[in-house]
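The values are calculated or read from the model by the stated rules, or taken from the named source; none is laboratory data. Since the structure is predicted, the reported quantities are computational estimates derived from the model, not experimental observations. Cβ placement follows ideal geometry from the backbone for every residue including glycine, while neighbour counts extend to all protein chains displayed.
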Amino acid sequence: MNLVSQEKSVRALLKFGITQLREARVPSFTLAAELLLLHAFGRDRAWLYAHPEEVASDENAHRFFALIARRAAGEPTQHLTGKQEFWGLEFEVTPDVLIPRPETEHVIEVALDRLAAREIRAGRRQTTTGEGFWIADVGTGSGCIAIALAKELPGAKFYATDISSAALVVARRNAARHGVMDRIDFIESNLLDAFATVTVPESQITNHESPVTSHQSRSFDLIISNPPYVGRREAATLPREVREHEPGVALYGGEEGYELYAALIAEASQNLKPGGILVLELGHNSLPVVRPLLDAAPWTNVGVTDDLAGIPRVLAAEKL
Ligand SMILES: C[S@@+](CC[C@H](N)C(=O)[O-])C[C@H]1O[C@@H](n2cnc3c(N)ncnc32)[C@H](O)[C@@H]1O
């Protein structure tokens, strides 16, 4: 700290931050220090590289030291900056939502591929705007999956559920930030339970395939979910920033982790149209338990996609 109080150039501050985070065994410590410096200064990366010798104000330097101390004590970088990029979009994150993970982008890719393949089979153009599609995102958290899909499919309409009302507050803000609030309805619900009971006034039903008429189900084109899938018995093996700072309801699916999939798959079979698509993110140990749940009717065309680390990450299927 002494060295820095004598020499408060941006370069010296960054070096100090990197050293502190490395000594605290923070993963990706260089990137974390850089992101915290940019956040403390309210600047972007181009500025950082262009002005390494600039002398920081006392205010900026102290803000940076405080952030470094909190990161070294275990708070995730994204909680300190309040944001995370996903699918090329910036999402607000708070301790009420899971921080979007890069591997969840595979879930989006698989969903878009499956929808495109369905269009081709139906003799339509591969590139679809999603006009007339109804899509459900179960366990929406920050809203990242529903919002990314809404940007890709400007004609589609969405229901995004979460059991956490606090998460839905953040998801709604993210939808507003990305200009898709008018096409996503955020609903507090245990999985897809809401769809058995929600009634929409006639005036709000825009086409006869609207999924949310009372007790009328089996109407979604796509049901997509990244459910909680970590086992409570694995909690001690999680990194500190995850275990102590991300919401338990977003992490743990039960003692083993894969407990929610059976109900989710059963409810999806009730709420998908014939030809509708189910896309699920998997935990590292979920596949052997979850794959057999799709062996019987009404499921067909089951596929598994690995992530970049070679872990089976996405399970997809189609309803007959
Ligand atoms: C792994 S996080 C995924 C969040 C976000 N979709 C993403 O991919 O980053 C799981 C989400 O499911 C929600 N959740 C947990 N149990 C649920 C349930 N029974 N019904 C609906 N949502 C649930 C959690 O609150 C959390 O937001």
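Scanning segment 167-187 for residues that are more than 10 Å from the ligand (Cβ to nearest atom) and in a strand (DSSP E or B) yields a total of 3.
Quick check: is even one residue across segment 273-286 assigned to a loop (DSSP other than H, G, I, E, B), surrounded by fewer than 19 Cβ atoms within 10 Å (Cβ to Cβ) and modelled with pLDDT under 95? Within segment 273-286, one or more residues are assigned to a loop (DSSP other than H, G, I, E, B), surrounded by fewer than 19 Cβ atoms within 10 Å (Cβ to Cβ) and modelled with pLDDT under 95. For segment 292-309, the tally of residues that are more than 22 Å from L112 (Cβ to Cβ) and not in a loop (DSSP other than H, G, I, E, B) stands at 2. Within segment 148-166, the residues that satisfy the criterion of being closer than 18 Å to T128 by Cβ, part of a helix (DSSP H, G or I) and either within 12 Å of the ligand (Cβ to nearest atom) or of a type in the set (G, A, S) (or both) are A148, L149, A150. Within segment 292-310, being touching a Leu at 6+ places or on another chain (Cβ under 9 Å) and closer than 18 Å to E103 by Cβ holds for G303, V304, T305. Looking at segment 10-104, the helices (runs of 4 or more DSSP H) lying wholly inside it that each contain 1 or more residues that are over 28 Å from the mean Cα position of the chain (by Cα) sit at 10-23, 45-50, 58-72. Under the condition of being surrounded by fewer than 14 Cβ atoms within 10 Å (Cβ to Cβ), within 14 Å of the ligand (Cβ to nearest atom) and over 16 Å from V290 (Cβ atoms), the residues counted in segment 239-266 number 1.
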